[in-house]
């Protein structure tokens, strides 16, 4: 379709009308799935809500990957920059980005997550990262691993893996999996959450990708319009 038949639109207007609603749908899907699984898990397990920083970074990365796959080279360069600026401002406003986090670090974090994806696997690597970041980084679980290593006389995991026999490794990991104290999420539960969320998010992700791709095909993006709207947005939020 020729550009003169397309709707002239700013990047920010496009994000507000087409992309951000899809972000909210995907984020809500993950939250509902995650917390529904967790309702039967030990008390004190990690729950997710709309203000979770890791969750929002994960969803931003998923959305930007969709945009990068649908835009041409020119729109990818301009749109990606404005998308990250828009999401940074929203994150600051809604409180899921720390106030001292710079825009440059915000971009690096999203780039880090996008680089974890492959052409064939987009959702799975991000859900896996989110799952292990939220659960296995908890203070209680890390303390349990520390105590377990002391029990087995392990001072350096890297060196131990080099010298331990297969039987010793099997004994250690069998103990780790089967002796988690009450109130701490087990390794198997981590895998269960990862598998259920990853498989369930694939469908809403594909639906979002199709809707955004269709909207992009009907739009003619104007960087100048975005810059004007960017100024208005900054004035309204200062």
Taking the stretch 71-101 and keeping only residues that are in contact with a helix residue (DSSP H, G or I) (Cβ under 9 Å, 6 or more places away or on another chain) and farther than 23 Å from residue 17 by Cβ, one is left with 98, 99, 101
Determine whether the stretch 24-35 contains at least one residue that is surrounded by 19 or more Cβ atoms within 10 Å (Cβ to Cβ), modelled with pLDDT of 90 or more, touching a strand residue (DSSP E or B) at 6+ places or on another chain (Cβ under 8 Å) and not in a loop (DSSP other than H, G, I, E, B).
-> no
Of the residues that make up the stretch 180-188, is at least one over 20 Å from residue 46 (Cβ atoms) and assigned to a loop (DSSP other than H, G, I, E, B)?
-> no
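Would it be correct to say that residue 55 is modelled with pLDDT of 90 or more, closer than 24 Å to residue 193 by Cβ and crowded, with 16+ Cβ neighbours inside 10 Å?
For residue 55, the condition - modelled with pLDDT of 90 or more, closer than 24 Å to residue 193 by Cβ and crowded, with 16+ Cβ neighbours inside 10 Å - is met.
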Residue 103 meets each of (1) crowded, with 16+ Cβ neighbours inside 10 Å; (2) over 19 Å from residue 66 (Cα atoms); (3) without any contact (Cβ under 8 Å) to a residue 24 or more places away in the chain with one exception, condition (1)
Name the helices (runs of 4 or more DSSP H) wholly within the stretch 67-135 that hold at least 2 residues that are over 14 Å from the mean Cα position of the chain (by Cα) and closer than 16 Å to residue 15 by Cβ?
-> 73-94
Could we say that residue 177 is surrounded by 10 or more Cβ atoms within 10 Å (Cβ to Cβ), without any contact (Cβ under 8 Å) to a residue 24 or more places away in the chain and outside the structural domain of residue 127 (by TED's automatic domain parsing) here?
-> yes
Boolean, residue 225 is modelled with pLDDT under 90, surrounded by 13 or more Cβ atoms within 10 Å (Cβ to Cβ), in a helix (DSSP H, G or I) and touching a strand residue (DSSP E or B) at 6+ places or on another chain (Cβ under 8 Å) | yes
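The values are calculated or read from the model by the stated rules, or taken from the named source; none is laboratory data. None of these values were measured; they are calculated from a predicted model. So basically every Cβ, Gly included, is an ideal-geometry build from the backbone, and we count neighbours across all protein chains shown.
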